Every structure is written in C-alpha cells, then in structure tokens.
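Reviewing the structure listed below.
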Amino acid sequence: MPRAAEGPDGTWVVQQVRGSSSGKVYTCPGCLQDLPARMDHIVAWRSEEEFGFNTGVGARRHWHRACFRSRPPR
C-alpha cells in the first residue's frame, strides 16, 4: 500500500516494491545508476503532483532505498 512520507523536500507518496523477475531495469533518480527490477526498492512520487495518491505511472520513479532516504532537500 502506498503511504505518505514527509520530508524537507515536500510530501511524497511511497510504496515498497519487492523484487520481481520482470527483467526490467530502471534508473534511480538519486544516483542515476541502474536499478534492476529484481531488487527490492521504492517507488515514489510527489504528492503535490496534480493527482497525488492517484498519480499516473509516468510520474512515478523507482529508487534504491538508500538513495530515497538520503535525497537532498529542495
């Protein structure tokens, strides 16, 4: 289930994702490194976006857990 997470850079909608065998590879916006779908990771998007919790797939980003936790403030 998605949850709201407050931080110095605003409110985010965050969802923990279990690794999968889909073969997809994402680019983490925190470190710009590959994030294979097989790794557990976080999918997050800003809740200030037009639709907040219901934002479409295009606004969602896949993050390494450590990168999301250490993202710089705005």
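Worth pointing out:
- The protection proxy used here, the mean number of other Cβ atoms lying within 10 Å of each residue, ranks peptides 15-23, 59-67 as follows, highest first: 59-67, 15-23.
- Taking the accessible area of the chain, probe 1.4 Å, and keeping the other protein chains in place, the carbon and sulfur fraction comes to 52%.
- One compactness figure for the chain is 1.05, namely its Cα radius of gyration divided by 2.2 N^0.38 Å.
- Listed peptides 37-44, 1-8 by packing density, highest first (mean Cβ within 10 Å): 37-44, 1-8
- Average accessible area per residue (Å²) across the chain - probe 1.4 Å, nucleic acids and ligands excluded: 67
The values are calculated or read from the model by the stated rules, or taken from the named source; none is laboratory data. None of the values given here were measured: they were computed from a predicted structure. Neighbour counts are summed over all protein chains in view; Cβ atoms, including those assigned to glycine, are modelled from backbone coordinates with ideal geometry. Surface areas here come from the heavy atoms of the whole protein model, side chains and all, with no ligands, DNA or RNA. Shrake-Rupley method; radii C 1.70, N 1.55, O 1.52, S 1.80 Å.
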